[in-house]
Structure formats: C-alpha cells, structure tokens
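Read-outs throughout are calculated quantities, based only on the coordinates presented, and are distinct from any laboratory measurement. From a predicted model like this one, the values you see are computed outputs, not experimental measurements. Cβ atoms come from the backbone with ideal geometry, glycine included; neighbour counts cover every protein chain shown.
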Amino acid sequence: MSRNPKLDARAREILIGNDRGGYTVPTHGLYPFQWNWDSAFVALGFATFDHDRAWAEIETLVSAQWEDGMIPHIVFHQDDEGYFPGPRVWGTGRTPPTSGITQPPVLATIVRKLWEVEGADPACPRMQRLYRACLASHRWFHTYRDPLGNGLVMVTHNWETGRDNSSEWDDALARVDTSGVGSYQRRDTGHVDATMRPRQEEYDRYVAILQFGRASGWNHRTIADEGPFRMVDVGMSMELLRANRDLLVLAEALGETAAAQELRARIALSEHGMDWLWNEEASAYCSRDATTHESSGLVTNASFLAFYAGVGSAEQRARLIEALERISGSATYLLPSLEAESRAYDHRRYWRGPVWLVVSYMAAIGLDEQGYPQWAARIREDSARLIEKSGFYESFSPETGEGSGGPDFSWTAAMWLAWCGR
Ligand code: DGY
C-alpha cells in the first residue's frame, strides 16, 4: 500500500531523471558518475517498477570490477568537469576509468533481494553472474582488508566507508601528512552550501591519501600495509558480515559447496571478531584504528548495524537499545549519524549529525529481524516524515528535518519506493 501516490510518482521521476543509461547518478551536479553503494540501493527503488532496470544498475557497476576482485567506489562513464577528484586525478588507467578504492559491500544483500523478488530460481543467469562478482569482491576484502585476521574490514580511505566525514576518522586523519598535496580546486562547494560539506583541511587529507594510492600504482597490498589511513570501520564490518550471510544463501541455492563452506568460516570469524570493536565505555560497537588500536568511542548510526549483522550478546543488544533510547531523547528524527552530545556534532554537516536514509534502512531491517519492531517502525516513520517535510534530499537535519547536501537524490527516492513510503 502506498503512503502517498504523489511522492511515489516524484520518486520514480527522480530515478528516471538521474538515469544516464544503465546507471544512475546519485544527484545531478554534485555527484555526476556512478557510485558503488548508491547504485546498490538505487536498484531496490527501480525494482519496485522496472525489474530489468534494477538488475542493469548492478550489472553496469560490476562491469567495472577489477581483476583482483575490487568493485570500485566510482565508475567514470563519461567526463564531467564539475567533479573533483575526477578520473585523471585518480589515474587508475582503467577502462572505463574508475577510482582506486571501494565502498560498502552491500551488493550481495541486494542481489539476494532482487533474486527473491524474481521467484528465487537458482537457474536465474543474472543472479549467477552477480553471485560470482560478489564472491570475488568479498574475497578481495578478505585478502587485502583483514590485516588482523579477525573477519573485520579495514578501510584505507575514509571515502570507502561512504560515511566520508564522520568524526570517527578525525584522529587518524589528523596524522595524514598534507605537505605534498599541492593546489587543486574543489568542486563540491560550488554545488552545495560549504557549511554542509567537509572543511578544507579535511579535504587536503582526503587528497593526500588518494595521492599515496596513486603513487603506489594502486597496489592494494602496499596501500593496505603502508597506507597513511588504516581504520577498521564498524559500518563496513557489519555490512560485510551481513553480505556474507546473504551470499551464503545464494551459494547454497547454487550448490556451490566449497564456496558455502568458505563463507560459513568467514561468517564465524567475523561474528567472533566483532567484539574487538565493542567499546565498554560507549556501550556500543565503534570503529577502531588498525595501527594504534585506539577506539573512536563514538556512537554513530553505523553502531546500530549490529542488528543488521546479527551480532551481540543479549547484554550488548540491551545496551545498544539504551543508547537508541538516549538518542531518541535528543533527536526529533531518527537516526542521526552522530549523537548530539558528541563534540563534533553538527546537525547540518556531512556525516556529523544528519540522517541518511540508507543507514536508517539497514538499521531498521536489523532491529525488526532481531525482535525490536517498535524501533524499526519508529525509524521508518521518521524517515517517511523527513521526505514528506523536505523532499528527496541527500540527508536531513535530525533536529529540524531540513534537507541537506544534494537535492533529488537517487537513493533517497529509492528508499521511499522500496521502504518507508510503502
Ligand atoms: C565526495 O566526493 O564527496 C564523495 O562522497 C566521495 O565518494
């Protein structure tokens, strides 16, 4: 049942308007290429009215997968001077041009969903091809991004997390040397209000990390071992665990016994390893530095993906729910990307407070599955109210509900169609 047919129509219009032929830009102007996890969520939106187009979105993305298994975070299908850093800055030498880093591994979870909507036939050729692409990508994470061997995910650029500017990265970023960065021109602040975007000194660090990767010839081993930024991200660790569970369902359907065995072992390792991220004082799972082993101690929306990943003892879950209760006391709209009490909190600035519906969606799915339907319903209702109040923005203030970042955002439209507007 639709909650608001006019908004359904508008959401479809946004997806169709942002479609560049087989792939969708996140928003016009600010993000003019194909982004990895954006495309995954966008496929869920297309699946509500054009199933073929939903599969195509993901197929276009994985057509740019690297031989080592990495699915890049941006695919530059065409040039656009309105974005920095563009394909020449990344210099990966790939066709089509891509960035040299990855993004949250949510693809297998979404492929499973599309396949189930089709009737879950193991002979489905589109599922089979994407199953293999996801397996190769998960193996890439296991090979290059698990330096501690505990089944968690280390990121080598904050852009990989998708939560670009979260204060979880501040301490690690502060150690990045920016003396050789040189001059460049940012483009993002030409599209949206600078007070909603990362600050200049932060951007310099993002560019310095990129330059390290480029200087290594995008050697993923060198980057993982010696890169200037090495964080174990709570969000991607939870997302990969969830994605491994979903990939296992596909492997079993296909009778891929050896791969299924491999995935079961990875799942067990991650379930056990996740406790390394538990921060007793914060009463939550928090990102942790892979070099210094320092915990960020910050409760972000990603901390609540524990339910989505299906981890935590009864006591840990109860403490996470207490944190959710506390946060709901200060936020008019759940789920803020950072707690209002945190020193870096800013209800309008990129990933330091605003609500992002894709994270809310994953958190709500997990809460529902793990026996907290009332919290799942609250997050879903707040998400719908944000769109009803402000439209299809990239993100929203958890205090006022005002939209922030780019307008007419593809994944926000997709979340309306596939989740909170239903
Ligand atoms: C940006 O340019 O801000 C993007 O989020 C990087 O992925």
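When you go through (1) of a type in the set (G, A, S); (2) in contact (Cβ under 8 Å) with a residue 40 or more places away in the chain; (3) not in a helix (DSSP H, G or I) one by one for A123, which number turns out not to apply?
(2)
Looking at the structure I just gave you, is A54 in a helix (DSSP H, G or I), among the aliphatic types (A, V, I, L, M), within 15 Å of the ligand (Cβ to nearest atom) and in contact (Cβ under 8 Å) with a residue 40 or more places away in the chain?
Considered against the rule, which asks whether it is in a helix (DSSP H, G or I), among the aliphatic types (A, V, I, L, M), within 15 Å of the ligand (Cβ to nearest atom) and in contact (Cβ under 8 Å) with a residue 40 or more places away in the chain, A54 comes out as no.
Name the residues in segment 11-26 that are among the hydrophobic types (A, V, I, L, M, F, W, C) and touching a residue at least 12 places away in the same chain (Cβ under 8 Å), would you?
Within segment 11-26, A11, I14, L15, V25 meet the criteria.
Give E252, E226 a once-over and let me know the one that is away from the ligand (no atom under 16 Å from the Cβ) and more than 25 Å from G100 (Cα to Cα).
Being away from the ligand (no atom under 16 Å from the Cβ) and more than 25 Å from G100 (Cα to Cα) holds for just one of E252, E226, which is E252.
Conditions tested, residue by residue: (1) touching a Ser or Thr at 6+ places or on another chain (Cβ under 6 Å); (2) closer than 25 Å to I365 by Cβ.
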residue: G22; (1), (2): yes, no
residue: T48; (1), (2): no, yes
residue: A56; (1), (2): no, yes
residue: I71; (1), (2): yes, yes
residue: H77; (1), (2): no, no
residue: G82; (1), (2): no, no
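Spot the failing condition for P87; the list is (1) within 16 Å of the ligand (Cβ to nearest atom); (2) under 19 Å from L263 (Cα atoms), and only one is missed.
So P87 meets the others, but not (2).
Name the one entry in A172, A194, A215 that is surrounded by 15 or more Cβ atoms within 10 Å (Cβ to Cβ) and small (G, A, S).
A172
Only one residue in S328, S342 is surrounded by fewer than 19 Cβ atoms within 10 Å (Cβ to Cβ), closer than 16 Å to A282 by Cα and hydroxyl-bearing (S, T, Y), so which one is that?
S342
G255 passes all but one of (1) buried (at least 24 other Cβ atoms within 10 Å of the Cβ); (2) in a loop (DSSP other than H, G, I, E, B); which number fails?
With respect to (1) buried (at least 24 other Cβ atoms within 10 Å of the Cβ); (2) in a loop (DSSP other than H, G, I, E, B), G255 is out only on (1).
Give the residue that is surrounded by the fewest Cβ atoms within 10 Å (Cβ to Cβ), with candidates limited to residues of segment 28-51 that are more than 20 Å from Y131 (Cβ to Cβ) and within 11 Å of the ligand (Cβ to nearest atom).
The residue in question is L30.
How many residues, within segment 57-78, are more than 16 Å from the ligand (Cβ to nearest atom) and either crowded, with 24+ Cβ neighbours inside 10 Å or farther than 22 Å from R12 by Cβ (or both)?
10
Taking segment 1-27 as the search range and keeping residues that are surrounded by 17 or more Cβ atoms within 10 Å (Cβ to Cβ), more than 14 Å from the ligand (Cβ to nearest atom) and of a type in the set (A, V, I, L, M), which one is farthest from the chain's Cα centre (by Cα)?
The selected residue is L7.
I'd like the residue in segment 94-108 that is of a type outside the set (S, T, Y) and free of Cβ contacts under 8 Å to residues at least 60 places away in the same chain and, out of all such residues, is farthest from T156 (Cα to Cα).
Only one residue fits best here, namely P96.
Answer yes or no as to whether V181 is more than 14 Å from the ligand (Cβ to nearest atom), of a type in the set (A, V, I, L, M, F, W, C) and without any contact (Cβ under 8 Å) to a residue 40 or more places away in the chain.
yes
Scan (1) surrounded by fewer than 14 Cβ atoms within 10 Å (Cβ to Cβ); (2) in contact with a strand residue (DSSP E or B) (Cβ under 6 Å, 6 or more places away or on another chain) for the single condition H293 breaks and write down its number.
Here H293 meets the rest and fails (2).
Is there any pair linking a residue in segment 28-40 that is among the aliphatic types (A, V, I, L, M) to one that is more than 12 Å from the ligand (Cβ to nearest atom), with Cβ under 6 Å and at least six apart or on different chains, and which?
Final answer for the pair search is A40/V106; A40/L107; A40/I110.
For segment 228-252, name all the residues that are more than 19 Å from the chain's Cα centre (by Cα) and not in a helix (DSSP H, G or I).
P228
Among the residues of segment 360-374, write down those that are surrounded by fewer than 24 Cβ atoms within 10 Å (Cβ to Cβ) and either without any contact (Cβ under 8 Å) to a residue 24 or more places away in the chain or not hydroxyl-bearing (S, T, Y) (or both).
I365, G366, D368, E369, Q370, G371, P373, Q374, listed by residue number.
Could we say that W115 is hydrophobic (A, V, I, L, M, F, W, C), under 26 Å from A215 (Cβ atoms) and either within 15 Å of the ligand (Cβ to nearest atom) or touching an Asp or Glu at 6+ places or on another chain (Cβ under 9 Å) (or both) here?
The answer is no for W115.
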